[in-house]
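The values are calculated or read from the model by the stated rules, or taken from the named source; none is laboratory data. Note that the structure is predicted; figures quoted are calculated from it, not measured. Backbone-built Cβ (ideal geometry, glycine too); neighbour counts: all protein chains shown. Just the protein is used for accessible areas: all its heavy atoms, side chains included, with ligands, DNA and RNA removed. Shrake-Rupley method; radii C 1.70, N 1.55, O 1.52, S 1.80 Å.
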Amino acid sequence: MVFVHEWTQLIDGTMDYIELSSDLTETISEWPVTMFRASAAPFCKEMNTIGEATFGLKMPGWVTDGPQMFRTQTGKLGMLWSTWGDGRYLQGICYSQSGTIAGPWVQEEKPFLGNNSGHGMLFRTFEGKLMYVVHHVEGNGPRKPQYWNVDDSGDKLVLGERILL
């Protein structure tokens, strides 16, 4: 199971994993393993430095949020995850050098998608086409989903065109 250890507890949030039993009812590992810290990503910014507030409070921290693991068609193991950076909320992406959950995990230089977007998920349509859905906010308005085409035929995801509904 992959999960975040909240920045509100650690200041520099982490992405962690712990092994579960085959029936998913209990943990097998004694302790979680840290995969990476939010500050390891070049696109991640400390919240106070970019003027963000949480619940109206100026709390320092680097955020890890919303992980989704995936494999490209070549078998490369990757993870989508959300954080704060230039342009507010964004979707980051990283890849495991070993091809396993143990990593090491290498962050991409630039966000997968910025512009106040996050919590993205990959899914396949009934026809088998890979798609990406992410929440997006214009100004102070409500979050709305955006849909994108994605290519996973190589070692890295490539964001395609946005699908306008």
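Values for this structure:
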{"quantity": "Highest-fluctuation residue, 118, 56, 154 considered, GNM on the chain with Cα pairs under 10 Å", "calculated": "56"}
{"quantity": "At most 10 other Cβ within 10 Å, DSSP loop - trypsin sites (Lys or Arg not before Pro), region 21-59", "calculated": "58"}
{"quantity": "Taking the chain and dividing mean pair separation by its residue count, relative contact order in percent (alpha carbons under 8 Å, at least six apart)", "calculated": "15"}
{"quantity": "Protein-only accessible surface order, largest first, of 119, 135 at 1.4 Å", "calculated": "119, 135"}
{"quantity": "Simple label model, 7 Å out from Cα along Cβ direction - residue 28 to residue 69, nm", "calculated": "1.2"}
{"quantity": "Selected from 25, 14, 64 as most flexible by GNM, with the chain as the system and alpha-carbon contacts under 10 Å", "calculated": "25"}
{"quantity": "Sites excluded, chymotrypsin sites (Phe, Trp or Tyr not before Pro) in DSSP loops with at most 15 other C-beta within 10 Å, longest stretch of the chain", "calculated": "56-125"}
{"quantity": "Exposed-loop-free span, longest in the chain, where GluC sites (Glu not before Pro) count as exposed if DSSP calls them loop and at most 11 other C-beta atoms lie within 10 Å", "calculated": "31-108"}
{"quantity": "Accessible area in the full protein assembly, largest first, 1.4 Å probe, for 157, 57", "calculated": "57, 157"}
{"quantity": "Estimated dipole of the chain in Debye, rounded to 20 [Cβ of Lys and Arg +1, of Asp and Glu -1, Cα centre]", "calculated": "500"}
{"quantity": "Shape of the chain, Cα gyration tensor, a/c cut at 1.5", "calculated": "oblate"}
{"quantity": "Whole-percent carbon and sulfur share, accessible surface of region 122-165, 1.4 Å", "calculated": "55"}
{"quantity": "Rounded to whole Hz, the Karplus (6.51, -1.76, 1.60) HN-Hα couplings of region 112-118, x for glycine and proline", "calculated": "5, 8, x, 6, 6, 10, x"}
{"quantity": "Accessible area expressed per residue, region 38-148, with surrounding protein chains retained (probe 1.4 Å, Å²)", "calculated": "50"}
{"quantity": "Accessible area of region 1-110 belonging to carbon and sulfur atoms, whole % at 1.4 Å probe", "calculated": "55"}
